[in-house]
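> Sharing a structure here in structure tokens format.
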Amino acid sequence: LSRTEHTARSSEETIALGRDIAARLGPPVIVALRGELGSGKTTLAKGIISGLGAAREEDVTSPTFTLVHVYRNPLNGLRVHHADLYRVSDFHDLETLGLEDVFDQPGVLIVEWAEKLTLRSDWPVLDVELAYAGDAARRIAVQHLPAFASRP
Ligand SMILES: Nc1ncnc2c1ncn2[C@@H]1O[C@H](COP(=O)(O)OP(=O)(O)OP(=O)(O)O)[C@@H](O)[C@H]1O
Ligand SMILES: [Mg+2]
């Protein structure tokens with residue numbers, strides 16, 4: 001397992017880190033974002049999704065109400081799902097999210113509040129933990145993990 005820790009001193013630095021992460025991401029992968037309210041999960045996702053060429057930075061918005069946004073890189077067809085599970089309360093909710101087709105083809109699934117993700121998948125997981133580190137600073141730890149619980 002490899003783990004890297006970063007300090008981002010502004011939103012721009014967090015977006016830049018997201019772009020760096022994107023440059024090293026290969027599908028299929030789940031990017032599991034954990035960290036309290038306002039810690040920068042959506043900001044990091046902006047960097048990742050724009051870095052993957054699936055949307056312009058300003059077109060990546062928080063999936064707070066719709067729960068899942070889907071983007072696609074027009075050049076290579078890479079599909080990116082961006083989900084926010086904050087309002088999801090149980091497994092039943094998860095099933096109705098609109099994530100049923102995620103695993104149909106290898107892509108990138110970015111999940112905010114990933115601790116609530118109970119879907120089983122054998123996709124590898126990039127685990128990212130964000131924490132406040134002063135006014136506009138965030139500590140961001142990135143860790144490669146084995147796949148989620150393997151299939152029964
Ligand atoms: N270094 C930083 N990185 C990211 N965001 C920062 C940073 N410094 C300040 N901010 C501010 O913190 C907020 C982060 O909001 P963001 O929506 O990215 O967080 P979030 O973790 O997705 O929140 P939520 O849990 O509500 O989904 C923004 O208002 C942003 O401008
Ligand atoms: Mg968010």
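> Can you compute the helix-only [θ] at 222 nm over the chain? Use -39500 (n - 2.57) per DSSP H run of at least 4 residues, normalise by all residues, nearest 500 deg cm²/dmol. Each step should come with its number before you reach the end.
Details: 3 runs with 29 residues, N = 152.
Theoretical 222 nm ellipticity from helices: -5500 deg cm²/dmol.
> Which chymotrypsin sites (Phe, Trp or Tyr not before Pro) from region 45-152 combine a DSSP loop assignment with at most 16 other Cβ atoms within 10 Å?
Details: sites: F65, Y71, Y86, F91, F103, W113, Y132, F148; in loops: F65, Y86, W113, F148.
Answer by residue number: F65, Y86.
> Of all the stretches in the chain, which is the longest one without any exposed loop site, taking GluC sites (Glu not before Pro) in a DSSP loop (any state but H, G, I, E, B) with at most 15 other Cβ atoms within 10 Å?
On the way: sites that count: E36, E100.
The longest uninterrupted stretch comes out as 37-99.
> Hull surface divided by four, with the convex hull built on the Cα atoms of region 1-138: how many nm²?
Working: hull surface 32.2 nm².
If you wrap the Cα atoms of region 1-138 in a convex hull and average its projections, you get 8.0 nm².
> Right, here's the next one. Could you please state how large a percent of the accessible area of the chain is carbon and sulfur, counting protein chains only and using a 1.4 Å probe? Before the final figure, lay out the partial values.
On the way: 3980 of 7860 Å².
So the carbon and sulfur contribution to the accessible surface is 51 percent.
> Within region 4-34, what residues put their amide N at less than 15 Å from the label point 7 Å along the Cα-to-Cβ vector of Q143?
4-6, 32-34, by backbone N distance to the label point.
> Just report the Cα centroid separation between region 94-122 and region 1-42, whole Å.
Result: 18 Å between the Cα centres.
> If the elastic network links every pair of Cα atoms under 10 Å, which of A45, A136, A32 fluctuates the most in the Gaussian network model of the chain?
Per the Cα network of the chain with a 10 Å cutoff, A136 tops the list.
> Then there is this: Would you mind working out the accessible area per residue for the chain, using a 1.4 Å probe, and quoting it in Å²?
Details: 7860 Å² over 152 residues.
So the chain comes to 52 Å² accessible per residue, rounded to a whole number.
> If the only charges are +1 at each Lys and Arg Cβ and -1 at each Asp and Glu Cβ, what is the size of the charge dipole of the chain around the Cα centre, to the nearest 20 debye? Walk me through the intermediate numbers first.
Values: 16 positive and 21 negative charges, 69 e Å.
For this selection, approximately 320 debye.
The values are calculated or read from the model by the stated rules, or taken from the named source; none is laboratory data. Just so it is clear, the structure is predicted and the values come from calculations on it, not from any experiment. Cβ: placed from backbone, ideal geometry, glycine included. Neighbour counts: every protein chain shown. Side chains are part of the model used for accessible areas, which takes the heavy atoms of the whole protein and leaves out ligands, DNA and RNA. Shrake-Rupley method; radii C 1.70, N 1.55, O 1.52, S 1.80 Å.
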